[in-house]
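Novice: One structure is given below, represented as structure tokens, and several questions about it will come after.
The values are calculated or read from the model by the stated rules, or taken from the named source; none is laboratory data. In this text, all values refer to a predicted model and were calculated from it rather than measured experimentally. Here the Cβ is made from the backbone with ideal geometry for all residues, glycine too, and neighbour counts use every protein chain on show.
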Ligand code: SAM
């Protein structure tokens, strides 16, 4: 007898994140110190659900890749980390296009608080889009989850890019006039990983100007002489 084809999933809350679009979000958690929160929705908006969570430094977030759910999945995927040309099995990947669209990230627990009647769990090191539906939270258990002899051979052969990031005078002035104290660090951490499509990443002088939104800032940047140059940060209307 085949299994039922669908199980109901109810989001327990949603992510509030500085990342307003998928482009330039780090490929995994902890690759940038991006802070956000899980905002709990009823009936999970209950202090009892969080009792004892402060005793854990890190948490697993299980969530839905909600922006890609309608695009479905394929048995093999192009892995951007591997240059984008080699296809690997979906179950050998952390692709966002997968059966059931479930993602998982280990994040830092920055504490729970109640704001205007809503409980939120503040978290650090997120790789999640603003508005991502969270389907569960579980404590990270170092005695079991920390696999010290784990290996990832394919990825070892393809280290993350590490480009220098610089700011024009205009961008520096715009940075000092905006309110997000961690924005400069976030830009450096995310753009140093060169989020351009894999086929562009070998270009040290790229004629294209790229754009990404962190918080409420529209950040324009280019790659010149092998370095990322941030040219402006305009406030999004
Ligand atoms: N750590 C998770 C995992 O392994 O399941 C996510 C890894 S996935 C490769 C990370 C990428 O997912 C990010 O770079 C971002 O572009 C994308 N992403 C984040 N939140 C998303 C969402 N709600 N819907 C679709 N894509 C999302």
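Novice: For segment 97-113, enumerate the residues that are within 9 Å of the ligand (Cβ to nearest atom) and touching a residue at least 40 places away in the same chain (Cβ under 8 Å).
Specialist: Result: 102, 103, 104, 105, 106.
Novice: Conditions: (1) near the ligand (Cβ under 9 Å from one of its atoms); (2) farther than 12 Å from residue 132 by Cβ; (3) touching a helix residue (DSSP H, G or I) at 6+ places or on another chain (Cβ under 6 Å). Residue 64 meets all but one. Number of the miss?
Specialist: Of (1) near the ligand (Cβ under 9 Å from one of its atoms); (2) farther than 12 Å from residue 132 by Cβ; (3) touching a helix residue (DSSP H, G or I) at 6+ places or on another chain (Cβ under 6 Å), only one is false for residue 64: (2).
Novice: Out of all the residues in segment 2-11, is one or more surrounded by 14 or more Cβ atoms within 10 Å (Cβ to Cβ) and at pLDDT 95 or above?
Specialist: Yes.
Novice: A further question follows. Between a residue in segment 24-35 that is closer than 18 Å to residue 57 by Cβ and any residue that is outside any loop (DSSP other than H, G, I, E, B) and within 6 Å of the ligand (Cβ to nearest atom), which pairs come within a Cβ distance under 7 Å, given they are 6 or more apart or on different chains?
Specialist: Sorted first by the residue in segment 24-35, then by its partner, the pairs are 29/105.
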